[in-house]
Each structure stands twice: as structure tokens, then as C-alpha cells.
Amino acid sequence: MTSAPPTSPAAVPEPVEQGNSLWHDAWLRLRKNKLATFGLVSLSVIAVACLLGPLLSPYGYEEQNLDLGASAPSAAHWLGTDTLGRDLLVRLLAGGRISLAVGLAATFVALTIGVVYGAVAGFFGGKLDAVMMRSVDIMYSMPFPIFVILLMVLFGRNIILLFVAIGAVEWLTMARIVRGQVLSIKKMEFIEAARSLGLGRRRIIFRHILPNMLGPIIVYTTLTIPGVMLLEAFLSFLGLGVQPPMSSWGVLIKDGAEKMEEFPWLLIFPGTMFSLTLFSLNFLGDGLRDALDVRSSKD
Amino acid sequence: MLPTRPPAVRPSDRPGSRLRGLLRLSTRRKTAALPLLAALSGFLALPSCAKRETAVDVGLRTATLEIGNTGEPGELDPHIINSAPDYQVVPALFEGLLNFEPATLAPTPGVAERWTISPDGLTYTFHLRPNAKWSNGDACTAADFLYSFRRALSPALGSQYTLLFHPVRGAADYASGKLTDFTAVGFAAPDPLTLVLTLAHPTPYLLGMIAGNPVWFPVHRATIERHGTIDQRGTGWTRAGHLVGNGAFLLTDWRPNQVIVAEKSPHYWDAARVRLQTLRFHAIDSLDAEERSFRAGQLHVAHLPPAKATALLAAKSPLLQITPGLNSAFINVNTTRPALHDARIRRALALALDLPRIAASVNSARMLPADGIIPPGMAGYTRAARLASDPATARTLLAAAGFPGGAGFPKLELSTATGGAHELAQAIQHSWRTELGVQIAIVNRESRTHWDQMHAKNYDLALAGWNADYPDASTFLDLWKSGGGWNFSQWNDARYDALLALAATALDPAARLAHLQAGEARLLEEMPVIPLSFDRFLRLVHPSVRGWPANSTDRPDYRPIWLAAP
């Protein structure tokens, strides 16, 4: 963090003691928050398991065993198998890769578009702002599942496109949040100072305004990821998401829901995994907001 | 307590004081405790609630059959109906010339009490019963049938099943508008109780086409004309109170998306044999909800999700009724695609599938693995050629066609309808990859798009199926005639066409059977479609329902049903 602005007037200089960076402070605050720590740890565990699990498992996610069929959790298949005799654990982990990747990639797309769009609209203001934000309002009014379905129909189905399509509808809220932040920050004295020093607009936006919005942006990002994963689940539920035999959590939950009375494990495990991830992300998001929002912190 | 002893009891021992002590909670904190008490009493009352009469019990007392009907019928006009819920209701309200025996689908007398066929097989004479009546008491005569056939064939009405009249001389031309004079069509009514059909060519399965098929049902002329013209759709004549039918039951109430009520008709000629008083058809969109209603005692007869049927089958549940259906599920193969043009490859794809194993794991209750294209139980037909899994031969055939071990085989797409058989598709995909080394992609499409792509011949492989329109093998085999409208495989085979032409003109049943068998054998040799399964109809039937006439067309006859305590 090179250009941390003077955040509070109470920064009494103590030259002997080494000052803490903003990031270090945030980290300390985050660590104090038990729920957020839990979220961070469980997310890491899930991510590592999804990345490595399918490589270590003796089964392939598409490997069928028709003679076995659906079997309850056992020593051979820890989470049981589905009706085609496929190992649920490896399908859950392989599906997790898709769900997490969709969540991260789509959020990244949404983040990039939303931040740039919102920052530009907020900084320049005036007519440009009015035009840009009204077009956001128009896009808001579109029912987004239909928009995504339209994109899928136009460009065919592939997983990359799924990321982009979801990202392309998720950036609207981000743009609004960023614009609002920019509007308030650009009136502050340090921006005035930067401007009087003769800095260019781009430099002011990206070096001075943007770092001051990191708190809300990160928070909103962690809240977007679960939303995107739910949307992927919804699209897969409609048959528009990942294509078989690949799985995703949405697909597994949909299939499990159809058979929950006979083979409850097909719903319980994917459902638990999905909920755990969503909870962890929400806890982490809450924790990050508290940790990064300097104005609301007490120290 | 002894009466002689003086009452030297302490206040707290007085009867009632302990009770008051218990109640102190409620007197002290009335507001908090009241809802609690209410909830508690509600909870205690639950067991008695469960014992209260359910709709099924009431039905037993009042001879009312509560039927789960999957969804809201689109229409109750016998000449227009085309969705599954319609077909459950209409046979209760109308009756055609013939009915059918549930087990064999053999024609039985309906409005026609007897019939004769001329030796050349071209003239059918039906003698109507004199006591056949409409539900308003009017007599049901041959003129009604003439009017109804004219209506069903009117081009402006747009009935989807005019095909079932095609054997009758001139009917196809009248339906397409080429012929405008109905008297030139081969229907005649020499007297009010005689109906004569003249055919263009002998059709041994004509009676099967007529029996129980709603497009052959009569409609009441005065009612139709009171609400519109003969060939006008949606005039509202089928609303409760308007509709006049000639069936065993009479429409008395139709609450859209809720229930259709039909009461026993006093004018029905065989009313003495009808034992049910009321039929109630419930429109329940979701199979899950229908199954839950059945478990809650709201329905006597219900559909259920196929996945649940597997569990019930395994548990040998007496409630589950499985009826083989006259239908066939298969993969359409687009034979104009380069890789699929070679019959050896199509055969290899078919032989690589171990259908019994796939059916057992995908859905053992619903799927009967196919060994041919024509379902078992087809009247007058027995299969000569059989398809059996043979992966070794499949690999040899594929190698001979130039793709040993699947090397270099193009990546084809298998199109499926959303919400359909995605597990079946994945099992097929897996079999082809492991047995043949052939990779295919599964493409899920919305159901209508899926069928549109097939009509447009814009697909490689597609899961499809066909329900018999009438109980004869030709309803399936005719699909793959060269240039046929449903020949999505675009397979043109002179030998196959010749065999079907021979069968169509053969008067001798044995010769006809031989031609049809040869036709199916040719189909299995060339494999323009890959047979998959024959699907069964699954139902939950309450033990109090007696005489439910399960049949392979899934068109119920409500007349013989009665309710008795299990």
C-alpha cells in the first residue's frame, strides 16, 4: 500500500514505534473475528480438497459402475454412489471445481467491469454519469436469468461463456456501489491536493480514489460469489449450465432432490457442501467489511 | 378417602389446589402461556385429526373416485384433444362405436352393438344400439356419427389425428381440402341405426383404430351448433353445463386448475353396469405433489415420479401399478451425417449398449429394455428378429468401418430434452466411450427445440420415442418409410418400403405378419434408429379401488371400476 491517505486526524506521531500498515491492522481485526476466521479456514480446506481430491481419488468423476448402482456411504465410497454407480465424493469435488471457478471467474468479470464503469461514471459526473447510470438502470430491469439464457442461446454453451455471461449480468450492483463511493471520495481534501499537484485523471482515479474503496468492493465481492454460485446452480437446474457427465454443485443438488427419499445421501452431502461454502463466504465477507472499513473501526 | 374421618387436610392437599398450582404459570403470565397452551392442545388434537375422514374414505362412502390427473386438460373436445390429461377425462364423457378389452385391446361393442366386414375387407357395416342416448336424453344415431366425422375431418377445425381416418375412401382428401363434398367420402347412414364405412384399401387394423380413440367419438350436433359453427374451435361448448356427451358420465363441474367433476349419466345405455357415482379429476401439475396427495389420502389414483417407483418396486409395494405401454423409446440417427451414413457404424453403436443393465440402474420400474422397435403386447405381432448386446461384434464393425478403437471418430452430439432422460443419456455416453472409444457430447435442449431440431434434420443423434396411435405394428414401422414426415433418420431403403407395401395390401394375416416381421428385421439390420426401451405407465392405486382396467394405451375405462373397503 503505497499511497495510504491520512485516514484519521488522531494519528499522533510516535516516531519510535513502528506503525502498522492498513493491511496489517485489517488482518489483525479479521483474525479476532472468530466466524470470519472459520469462514476463511473452511473455504481454504474446501478449495484445496476440490483441487487435489479428484487427483487422489481412485475413481473418476465420470466412471460408472452400473452393477453397483446407488449405494449408501461405505468404506469404498465414502459419500456413497449415484444411480449410475459413480462415486459421489469425487463428483462433489470435481463439481466444486466448476462451482468455485464459476464463482471466482464470474465475480472477477463483474468486478472488473463494475469498478471501471462505476469509477468513470462517478468521477466524470454530469451528462456522462447520467447516461451511464440510466443504462445500468435499464439493464437492471431485464430479468437476468432470461438474459443469461439468451446469451447461451446466441453463443452456444461452453463453460468459459458461462463465466462471462454470469459476470456480464452481475456487474450492475458493483457499478452503482463504486459510483456512490467515488462521488463522496472525490470531494475530499486529499483528492483536491492530488489535483492541485497536477496529477492526471487516470492517476487520481486508480491511485487515489480506488484504494479508498477497497473495503466496500471486497465485501461486495465476497457477497457476489455465493450469488453467482446460486445462479450457476439455477442454470444447471434448467439444463443450461455444465453439460454431463461433468458435474457441478447445482447439478448434484438438482439430481439429489429428485431422489431424496430413496437415496438421501445424494442430496445431503452436496447440499451440506454448498451451504457450508455459502456460509463461509458470507462470514468472511462480514468479517472483511468490519476489518477493512477504517471509518467504522474503533482503533 | 374414608368418609368417617374428619377432613383435616391441609389447604395444599385439597383436590384442585395442585391443579391450580400447575395452572399458576398460566394465571401469572397469561399472555405468554396462552399461545403455548393453544399449541399444546393443537398438538394433542393431532391424532384425532389423522383419524378424520379423508377424501378417500368419503369416496368409499359416496362412490366417488378421486383421480390425480397430472395437469389441467387443455380441451375436452374429443376431436381436438392432444395432451395426456385430456385423454383421462374424455373417455368418461363420450363413447365411440367400439370400446376395447383392456388386456388385449381387442374391440368390444360400444355404441355399435355389432358389425360386419365384407369379404374383400373394404366395407364395414356398424349396427348401432337403439338405446344409445346422449346425456340430455336425445337418441344417439348414425347421423350424429356422420356429423362428427365431417367435423373431425374439417380442415378448419385442424384436428391432429385425421390420420386415423385415412383408410376411409376420400377421407384424406377431404381433410386436406382437396375434396369439399362430404357425401363423396366413404361414410354412409342408410338408416338411423346403420353406419357404413367404405375403405380405399383393406385395413386389418381399422377396428383397432376406431376402438376407444377420441377422434372417432361422436359429438352432439345441436350443442355444437348452439355455440358456433361445425368447424369452429374453442366455442365453449365443452364447459360444464353446456357439454352434452354420450358416455357413462356427465360433466357437472369444471374448475380450471382445480378439479373436473363428472357424475354418472342416467341416460347411458349401460348405466346399470356403472358402479361409480362421481369421478373427480384433480389438476396437479407436479408429480411429487400428486404422490404426496395420494399419501395424504386425497386421491384414489395418482401418478408418481419415476424415481419413487423404483423404490416402491424394490419394496414390493402393493400400491404401485406398473402397466406396459404400447410405446417405444429410441435414438434417432441422422443417417445423412458422414460418420452415421455407414450401417456398420450404426449397428456398432446399437450393439455396444447393454440395455438390460442400463435400464436396471437408470429406472428399473419404468424402463423395459428394448430388444426391437415394436413393443411387446402388440396385437397380432410377434418379433422374429431380436437385438442383443454384443460389444465384441460392435468393436469389429467399427474397426471394419475405419475407426478401430474409435480412433478418428468425429465428436457427435446426442440431443436430449431438458428434464428428460439425462441419466439414460449419460449411461449411453459412458457405454460408447468405454466399449467403442467413441466420444459424444450430450446436448440438453428445451423440449420443443429438441423436437424442432429433429424436424429440421439438424442433429446427429437424438433421444426420441413414439406412442402407438392404434394397436398395430404398422403404427411404428410406417415411421421410417422413405420420405415419411416422421422419418427423422432420413433413411431411404427400397427393400424396407417394399416390405411395408406388401404388408399393407396383404389380406392373409400370416402373410402380413411375415412382411411386418421382415420389415422390423430390416430395420434392426440397418439401424436407422437405435432401440432403447419400452416405457411402462406408473400409477399408485389405492387398495379400495377395484376393477381398475389397466391397459397399454393408458386410456382408462371407468365403467367397471368400483370402490370397496380394503
Tell me yes or no: at least one residue of segment B:413-422 is away from chain A (no Cβ under 14 Å), modelled with pLDDT of 85 or more and out of contact with any Phe, Trp or Tyr (no Cβ under 6 Å at 6 or more places or on another chain). no
Listed by range, helices (runs of 4 or more DSSP H) wholly within segment B:243-353 having at least 2 residues that are within 21 Å of the chain's Cα centre (by Cα) and more than 15 Å from residue B:68 (Cβ to Cβ) are B:306-314
Restricting segment B:515-539 to residues that are over 22 Å from residue B:336 (Cβ atoms) and in contact with a strand residue (DSSP E or B) (Cβ under 9 Å, 6 or more places away or on another chain), the one surrounded by the most Cβ atoms within 10 Å (Cβ to Cβ) turns out to be B:534
Cβ pairs under 8 Å, 6+ apart or interchain, first in segment B:458-486 and at positive phi, second in a loop (DSSP other than H, G, I, E, B) and polar (S, T, N, Q), ordered by first then second residue, are B:483/B:492
Pairing a residue in segment B:210-234 that is farther than 18 Å from residue B:88 by Cα with any residue that is among the polar types (S, T, N, Q), where Cβ atoms lie under 7 Å and the two sit 6 or more apart in sequence or on different chains, gives B:227/B:235; B:228/B:235; B:230/B:154; B:231/B:154
Checking B:302, B:296, B:314 in turn, the sole residue that is outside the structural domain of residue B:531 (by TED's automatic domain parsing), of a type in the set (Gly, Ala, Ser) and under 18 Å from residue B:369 (Cβ atoms) turns out to be B:314
Contact list, first residue from segment B:259-282 and touching a residue at least 24 places away in the same chain (Cβ under 8 Å) and of a type in the set (Gly, Ala, Ser), second anywhere and assigned to a helix (DSSP H, G or I) and surrounded by 19 or more Cβ atoms within 10 Å (Cβ to Cβ), beta-carbon distance below 9 Å, six or more apart or interchain, is B:262/B:89; B:262/B:92; B:262/B:93; B:265/B:93
For segment B:355-407, the count of residues that are in contact with a helix residue (DSSP H, G or I) (Cβ under 9 Å, 6 or more places away or on another chain) and within 14 Å of chain A (Cβ to nearest Cβ) equals 13
Review point. Would you call residue B:362 buried (at least 19 other Cβ atoms within 10 Å of the Cβ) and not in a helix (DSSP H, G or I)?
Key: no
Over segment B:424-444, the set of residues outside any helix (DSSP H, G or I) and either crowded, with 19+ Cβ neighbours inside 10 Å or facing chain A (nearest Cβ under 8 Å) (or both) is B:438, B:440, B:441, B:442, B:443, B:444
Checked segment A:84-108 for anything surrounded by 20 or more Cβ atoms within 10 Å (Cβ to Cβ) and more than 30 Å from residue A:70 (Cα to Cα); matches are A:106, A:107
Among residues of segment B:489-514 being touching a residue at least 40 places away in the same chain (Cβ under 8 Å) and surrounded by 22 or more Cβ atoms within 10 Å (Cβ to Cβ), the residue farthest from residue B:338 (Cα to Cα) is B:512
Selection from segment B:298-354 of residues of a type outside the set (A, V, I, L, M), within 14 Å of another protein chain (Cβ to nearest Cβ) and touching a residue at least 40 places away in the same chain (Cβ under 8 Å) yields B:306, B:310, B:354
Exercise. Can you confirm whether segment B:467-476 contains a residue that is more than 13 Å from chain A (Cβ to nearest Cβ), outside any helix (DSSP H, G or I) and polar (S, T, N, Q)?
Key: yes
Original post:
With respect to residue B:486, is the statement that it is surrounded by 17 or more Cβ atoms within 10 Å (Cβ to Cβ) and away from chain A (no Cβ under 14 Å) true?
Top reply: no
Suppose the filter is surrounded by fewer than 16 Cβ atoms within 10 Å (Cβ to Cβ) and in a helix (DSSP H, G or I); does residue A:134 pass it? yes
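The values are calculated or read from the model by the stated rules, or taken from the named source; none is laboratory data. No experiment lies behind these values; they were computed from the predicted model shown. Every residue, glycine among them, receives a Cβ derived from its backbone with ideal geometry; neighbour counts consider all protein chains shown.
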